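Trainee: Here it is, the structure in full.
The values are calculated or read from the model by the stated rules, or taken from the named source; none is laboratory data. Owing to the predicted nature of the structure, the values given are computational and were not obtained by experimental measurement. When we count neighbours, we look across all protein chains shown, and the Cβ atoms used for this are built from the backbone with ideal geometry, even at glycine.
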Amino acid sequence: MTATPHGPLTGVRVVELAGIGPGPYAAMVLADLGADVVRVDRPTGPVLGIVPAHDLTNRNKRSVTVDLKSDRGPHTVLDLVERADVLIEGMRPGVAERLGVGPDACLARNPRLVYGRMTGWGQHGPLAPRAGHDIGYLATTGVLGMIGAPDAPPAIPANLLGDYAGGSLYLVIGVLAALQHARTPGGTGQVVDAAIVDGAAHLSTMIHGMLAAGAWQDHRGVNLLDGGCPFYGVYETADGGYMAVGALEPQFYAEFTNLIGIADQAPGQGDTTRWEELRAQVAARFKTRTRQEWTEVFEPSDACVAPVLSLREAPTHPHLAARGTFTDHAGVVQPAPAPRFSATPGSVRRPPALPGADTAEVAADWDVPRLTGPTAAP
């Protein structure tokens, strides 16, 4: 089988209205998969002062500058929309409409367009017009309250769980599903309303099932998967490092207790009355060796134990290096596109797009002369 070089979305055209966070990340995922993503930047410079050359969420894209507040700016974007398959925007509800590039205007120009909208609260509801960030969306959905020790405030999972898992990836799913529909006989374009609160809540579906079944307590740090279980947690080593333990299945638990040296005294997994005793035993054992020493003990086994690595350490892990989970492009180490495709692999083809740097190229490729005219940007 001969592989094509640019991913399964080669030929798909995407217009991204510049924003921050989950919208650009969703567009990056589409670009990693081969889509031709044109980011429409404002002529006033990067959003929130992010250094464009290091904003990896803009890799594999091209950038044009358009002043949407100018008289002809919206028409320029609509020229792009007419030639596109997908548009992504992450403004507050109603803003794109006021700028003249809302769903009605875009779908009138291109009835098969997939119009992807990325917000925290969604397009309707009491909080829809309010500002917000990842931490607030997770808090509202009950997800944040699940994470952390029972005697400490909830732990903050950076902005990965809300912005990117509950937001960006759900937008990508929605866009691809809507694109499939638009390309079927008789299919039409439509609006995809991706809200972080919806996606984050959806991620917790299994936990809600366990809660309904009585297998999950509605407070953190006391359950099977939230650190309450002594054989599913993180332990400090002699050198101040940490090991992550996930020995849930009985056979893995048996191997774990054997390798850590407590097989003859460890209680059964189901004896929750002795969990704190077991936790103390495991913690004491881990403190007797360094992280590297424990890694060498557990790596050849099925005990489901792994070292907790830093961001700078992770790319050099032998398994991740063998798979090419990280890649070096233009001197910057970064996660490689995921997932993998046997016939149409994705790749990092271009460094982060600099605002406006590709305006002339896109104007020619997409046949939009207005991009290079005086109405595109001041």
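Trainee: Out of the stretch 101-121, which residues are crowded, with 17+ Cβ neighbours inside 10 Å and part of a loop (DSSP other than H, G, I, E, B)?
Mentor: Kept after step one, since they are crowded, with 17+ Cβ neighbours inside 10 Å, are these residues of the stretch 101-121: 101-103, 105-107, 109-110, 113-121.
Once the filter is applied, which keeps residues that are crowded, with 17+ Cβ neighbours inside 10 Å and part of a loop (DSSP other than H, G, I, E, B), the stretch 101-121 yields Val101, Gly102, Asn110, Leu113, Gly120, Trp121.
Trainee: While we're looking at this one, here's another question. Out of curiosity, is Thr237 touching a residue at least 40 places away in the same chain (Cβ under 8 Å), among the hydroxyl-bearing types (Ser, Thr, Tyr) and either on the phi > 0 side of the Ramachandran plot or touching a His at 6+ places or on another chain (Cβ under 8 Å) (or both)? Even if it seems obvious, please write down each step before you answer.
Mentor: Numbers: touching a residue at least 40 places away in the same chain (Cβ under 8 Å): yes; among the hydroxyl-bearing types (Ser, Thr, Tyr): yes; either on the phi > 0 side of the Ramachandran plot or touching a His at 6+ places or on another chain (Cβ under 8 Å) (or both): no.
Here the answer is no, as Thr237 does not meet what is asked.
Table: residues versus (1) surrounded by fewer than 13 Cβ atoms within 10 Å (Cβ to Cβ); (2) outside any helix (DSSP H, G or I).
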site: His319; (1), (2): yes, no
site: Ala338; (1), (2): yes, yes
site: Ala343; (1), (2): yes, yes
site: Arg349; (1), (2): no, yes
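Trainee: Another question, if that's okay. Against the definition (under 25 Å from the mean Cα position of the chain (by Cα), assigned to a loop (DSSP other than H, G, I, E, B) and among the small types (Gly, Ala, Ser)), how does Ala158 come out, yes or no? Talk me through it step by step, then tell me what you get.
Mentor: On the way: under 25 Å from the mean Cα position of the chain (by Cα): yes; assigned to a loop (DSSP other than H, G, I, E, B): yes; among the small types (Gly, Ala, Ser): yes.
Yes: the conditions hold for Ala158.
Trainee: Next question, about the same structure. When you check Pro74 against the structure, is it modelled with pLDDT of 95 or more, under 16 Å from Tyr115 (Cα atoms) and part of a loop (DSSP other than H, G, I, E, B), yes or no? Give the derivation first.
Mentor: Numbers: modelled with pLDDT of 95 or more: yes; under 16 Å from Tyr115 (Cα atoms): yes; part of a loop (DSSP other than H, G, I, E, B): no.
So Pro74 fails the test.
Trainee: Are any of the residues in the stretch 264-282 surrounded by 16 or more Cβ atoms within 10 Å (Cβ to Cβ) and either small (Gly, Ala, Ser) or in the same structural domain as Asp41 (by TED's automatic domain parsing) (or both)?
Mentor: For the stretch 264-282, residues surrounded by 16 or more Cβ atoms within 10 Å (Cβ to Cβ) and either small (Gly, Ala, Ser) or in the same structural domain as Asp41 (by TED's automatic domain parsing) (or both): present.
Trainee: Of the residues in the stretch 272-297, how many are in a helix (DSSP H, G or I) and either hydroxyl-bearing (Ser, Thr, Tyr) or in contact with a Phe, Trp or Tyr (Cβ under 8 Å, 6 or more places away or on another chain) (or both)?
Mentor: Here is the first cut: in the stretch 272-297, the ones in a helix (DSSP H, G or I) are 272-286, 291-297.
After this cut, where a residue has to be either hydroxyl-bearing (Ser, Thr, Tyr) or in contact with a Phe, Trp or Tyr (Cβ under 8 Å, 6 or more places away or on another chain) (or both) as well, the list is 272-273, 278, 282-283, 286, 291, 294-295.
Adding up the residues that qualify gives 9.
Trainee: I'd like to check something: does the stretch 203-220 contain any residue that is surrounded by 21 or more Cβ atoms within 10 Å (Cβ to Cβ) and assigned to a helix (DSSP H, G or I)?
Mentor: Within the stretch 203-220 (the criterion being surrounded by 21 or more Cβ atoms within 10 Å (Cβ to Cβ) and assigned to a helix (DSSP H, G or I)), the answer is no, since none of the residues qualifies.
Trainee: Further question on the same structure: Being in contact with a Ser or Thr (Cβ under 6 Å, 6 or more places away or on another chain), outside the structural domain of Ile147 (by TED's automatic domain parsing) and buried (at least 19 other Cβ atoms within 10 Å of the Cβ) narrows it down to one of Phe231, Phe286, so name that one. Quick ask: steps written out before the conclusion?
Mentor: Numbers: Phe231 fails: in contact with a Ser or Thr (Cβ under 6 Å, 6 or more places away or on another chain).
So the residue among Phe231, Phe286 that is in contact with a Ser or Thr (Cβ under 6 Å, 6 or more places away or on another chain), outside the structural domain of Ile147 (by TED's automatic domain parsing) and buried (at least 19 other Cβ atoms within 10 Å of the Cβ) is Phe286.
Trainee: With the checklist (1) touching an Asp or Glu at 6+ places or on another chain (Cβ under 9 Å); (2) farther than 29 Å from Pro74 by Cβ; (3) hydroxyl-bearing (Ser, Thr, Tyr) in hand, flag the one item Thr184 doesn't pass.
Mentor: Unmet for Thr184, out of (1) touching an Asp or Glu at 6+ places or on another chain (Cβ under 9 Å); (2) farther than 29 Å from Pro74 by Cβ; (3) hydroxyl-bearing (Ser, Thr, Tyr): (1).
Trainee: Can you pull out the residues in the stretch 157-180 that are exposed (fewer than 14 other Cβ atoms within 10 Å of the Cβ) and of a type in the set (A, V, I, L, M)?
Mentor: Of the stretch 157-180, the ones exposed (fewer than 14 other Cβ atoms within 10 Å of the Cβ) are 158, 160, 177, 180.
The answer is Ala158, Leu160, Ala177.
Trainee: Shifting gears a bit: Would it be correct to say that Asp193 is assigned to a helix (DSSP H, G or I) and modelled with pLDDT of 95 or more? Please lay out each step first, then the result.
Mentor: Details: assigned to a helix (DSSP H, G or I): no; modelled with pLDDT of 95 or more: yes.
No; evaluated as a whole, the condition is false for this residue.
Trainee: Which of (1) small (Gly, Ala, Ser); (2) touching a helix residue (DSSP H, G or I) at 6+ places or on another chain (Cβ under 8 Å); (3) in a helix (DSSP H, G or I) is the odd one out, the single condition Ala254 does not satisfy?
Mentor: Failing condition for Ala254: (2).
Trainee: State yes or no: is Val51 surrounded by 15 or more Cβ atoms within 10 Å (Cβ to Cβ) and of a type in the set (A, V, I, L, M, F, W, C)?
Mentor: In short, no.
Trainee: Given the residues Val38, Val81, Val14, which is the only one that is modelled with pLDDT of 95 or more, within 16 Å of Gly174 (Cα to Cα) and of a type in the set (A, V, I, L, M, F, W, C)? Break it down stepwise before answering.
Mentor: Values: Val38 fails: within 16 Å of Gly174 (Cα to Cα); Val81 fails: within 16 Å of Gly174 (Cα to Cα).
Val14 is the lone residue from the list that is modelled with pLDDT of 95 or more, within 16 Å of Gly174 (Cα to Cα) and of a type in the set (A, V, I, L, M, F, W, C).
Trainee: Right, next: Let me spell it out: the conditions are (1) more than 30 Å from Thr327 (Cβ to Cβ); (2) of a type in the set (Ser, Thr, Tyr); (3) modelled with pLDDT of 95 or more, and Thr272 meets all of them except one. Which number is the exception?
Mentor: (3)
Trainee: Let me ask something additional. Could you please tell me which pairs satisfy a Cβ distance under 7 Å, a separation of 6+ or placement on different chains, a first residue in the stretch 211-226 that is of a type in the set (Lys, Arg), and a second residue that is assigned to a loop (DSSP other than H, G, I, E, B)?
Mentor: Here the result reads Arg220/Ile147; Arg220/Gly148; Arg220/Pro150; Arg220/Pro154; Arg220/Asp226, each pair linking the stretch 211-226 to a residue that is assigned to a loop (DSSP other than H, G, I, E, B).
Trainee: Restricting attention to the stretch 80-91, which residues are in a helix (DSSP H, G or I), surrounded by 21 or more Cβ atoms within 10 Å (Cβ to Cβ) and not β-branched (Val, Ile, Thr)? Talk me through it step by step, then tell me what you get.
Mentor: Going residue by residue through the stretch 80-91, those that are in a helix (DSSP H, G or I) are 80-82.
Imposing the further condition that a residue be surrounded by 21 or more Cβ atoms within 10 Å (Cβ to Cβ) reduces the set to 80-81.
Answer for the stretch 80-91, where residues must be in a helix (DSSP H, G or I), surrounded by 21 or more Cβ atoms within 10 Å (Cβ to Cβ) and not β-branched (Val, Ile, Thr): just Leu80.
Trainee: Would you call Val333 of a type in the set (A, V, I, L, M) and touching a Pro at 6+ places or on another chain (Cβ under 6 Å)? Steps first, answer last, please.
Mentor: Details: of a type in the set (A, V, I, L, M): yes; touching a Pro at 6+ places or on another chain (Cβ under 6 Å): yes.
Yes.
Trainee: Okay, next question. Yes or no: Asp151 out of contact with any Ser or Thr (no Cβ under 6 Å at 6 or more places or on another chain), among the acidic types (Asp, Glu), over 23 Å from Val12 (Cα atoms) and assigned to a loop (DSSP other than H, G, I, E, B)? Quick ask: steps written out before the conclusion?
Mentor: Values: out of contact with any Ser or Thr (no Cβ under 6 Å at 6 or more places or on another chain): yes; among the acidic types (Asp, Glu): yes; over 23 Å from Val12 (Cα atoms): yes; assigned to a loop (DSSP other than H, G, I, E, B): yes.
Against the criterion (out of contact with any Ser or Thr (no Cβ under 6 Å at 6 or more places or on another chain), among the acidic types (Asp, Glu), over 23 Å from Val12 (Cα atoms) and assigned to a loop (DSSP other than H, G, I, E, B)), Asp151 qualifies.
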